[in-house]
Each structure stands twice: as structure tokens, then as C-alpha cells.
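Here is the structure we will look at, set down as C-alpha cells.
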Amino acid sequence: MEAGFPAASPGDLEAVRRSASRIRNAQVAALARASKEDIDKDWAAIRDAAHPRIHAFIATSDIHLEHKLRMTRPQVLKAAAEAVKYAKSFTENVEFSAEDGSRSDPDFLCQVFQAAVEAGATTVNLPDTVGYAMPEEFGALICYVLKHTPDIHKVILSVHCHNDLGLATANSLAGLKAGARQVEVTINGIGERAGNTSLEEVVMALYTRKEHVGLTTRINTKEIHPASRLTSM
């Protein structure tokens, strides 16, 4: 469960802290930019969790490097590795995300993932941050990353898709079929802009069409409707 982004505000930090202190039967993750300040706030929020995870991210697409980060590729590589190493000093469970990964140069994306794995990440996440990808190209990108990142077999490869073009679930399923083994979802598809991948759609697609993807989850499908109603209240 990714409980929030502690560096966003004192309220977010407190909300994540309360979730982490009360939820004992699941991993509780906190999101952070690739900075020591954000990671410190993450740890302040989740240090009492039974199973804490720090999730650090930095953009890897050239358009984000030029216009948002104003960083070079070598600087991003260095920042990614340093963030993962610093997060690892608090917890063994560290996820790294390449923001705007679907619009990134595939070879640079593989370099960044390799740097994150070498620094100690246990999960690496490939997001379609602006909901730009088509299922066939997103699946192909997952295949490329799995083939060209030397140590990718040591970690879990995750996908995180947005719904700007109405393709978040289709892209997530394509990523799973191509070899990803974690999919980041939200109840009722809640998320930025048009939303994130819907938990209920992914779970039921895997359940009803298991012969197509060949994967299962341990989600109790009887709890989907109550969770949906609770979240929408």
C-alpha cells in the first residue's frame, strides 16, 4: 500500500505516519523524490510500519530532463543511484521509479534501472506517467527492459499507468503479459488527471481471462465492491 507523499505537506506526512503505525499485515510505502530531504521525511512517516518501503523516483525522459529537472543524463544516473543507496540505509525494501519512463530513451532507461539495482533497489517501476503509451508499444518496452538490463532478474519489475487516453488497464495488462510482476493500481481508478489503473479492472481481467495472461492475484474479489463504496463516500 502506497500511503502517500510525506514531503508534499505536513498533513500528508501525518496521514502516512498514521497508516504506517496501524496497518500491520501489508507493506506500507511512502513516495519520495530522489533527494535526501524527501527520503528523510519518508522514514519519519513509515519508521513504525511493520513492513516499511521507500519509493524514490526521478524523471528519465529527455523532455523532463530539459524542461523540469534541468539535469543531464549523467546527473540523473548519479541522483538515482544515490537516492536508492540513501533509502537503503533505512530499509531493505526500496522501490525506484523512472518517471515518464514510457517516453524515455529505452537504452538510457535500462542504464538507470541497472544503476538502481546495483544501488540496492528491490523493485524497479516503469511508469506511463502522462498516459501516452499504446499497449503494444508498452509491452514491447517491458520486453526491451527485461532483455537489456543486465541485473533486472534480481528485482521485481513493476508498471504504473495513467488513463489519459483510456488505456491504463490495457497498458498494465500488456506490461504483465510481457513480464512485469507488480502492477500499481488504485481503487476506483482514482489518480491524477484521468486517473490511474483501476484495481478492480485489473483483478477481474486476470480472474475472468486467466488463460490470456496466465497470472493470478491473492485479492479477495468479494471485498472489491465494499472497498469501492468506502472509497467513493
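Below are the figures for this structure:
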{"read-out": "Label-point gap, in nm, between Lys210 and Gln27 - each point 7 angstrom along Cα→Cβ", "value": "2.4"}
{"read-out": "Gain upon complete extension [Ala8, Lys154; 0.36 nm per residue less C-alpha separation]", "value": "49.4 nm"}
{"read-out": "Cα pair distances of the range 25-73 binned at 10 Å [whole percent]", "value": "27, 37, 24, 12, 0"}
{"read-out": "Burial ranking of peptide ranges 185-193, 64-72 (average Cβ count within 10 Å, highest at the top)", "value": "185-193, 64-72"}
{"read-out": "Inter-centroid distance (Cα atoms) of the range 28-76 relative to the range 125-183, Å", "value": "20"}
{"read-out": "Structure-based [θ]222 nm, the chain - -39500 (n - 2.57) summed over DSSP H runs of at least 4, per residue, nearest 500", "value": "-13500 deg cm²/dmol"}
{"read-out": "Per-selection Rg to Rh, the chain - Cα, Kirkwood hydrodynamic radius", "value": "0.95"}
{"read-out": "Full-extension gain in nm, Arg218 to Glu118, via 0.36 nm per residue minus C-alpha separation", "value": "33.0 nm"}
{"read-out": "Convex hull of the range 1-131 built on C-alpha atoms - directionally averaged projected area, nm²", "value": "7.4"}
{"read-out": "Share, in percent, of DSSP beta bridges within the chain that are antiparallel, nearest 5", "value": "5"}
{"read-out": "For peptides 209-220, 106-117, sequence by mean Cβ density within 10 Å, most packed first", "value": "106-117, 209-220"}
{"read-out": "Net length gained if the chain between Tyr144 and Arg73 were fully extended (0.36 nm per residue, minus Cα distance)", "value": "23.6 nm"}
{"read-out": "Virtual spin-label span in nm between Asp48 and Glu66, 7 Å along Cα→Cβ", "value": "4.8"}
{"read-out": "Cross-link pairs Lys36/Lys154; Lys85/Lys210; Lys154/Lys222 - those with Cα-Cα distance over 30 Å", "value": "Lys85/Lys210; Lys154/Lys222"}
{"read-out": "Cα gyration tensor shape of the range 161-228, rounded if a/c is under 1.5, else prolate or oblate by comparing a/b with b/c", "value": "oblate"}
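Each value in this text was obtained by applying a stated rule to the coordinates, not by laboratory testing. Treat the numbers as computed from the prediction; the structure is a model and nothing was measured. For neighbour counting, all protein chains shown are included, and Cβ atoms are generated from backbone atoms with ideal geometry for every residue, glycine included.
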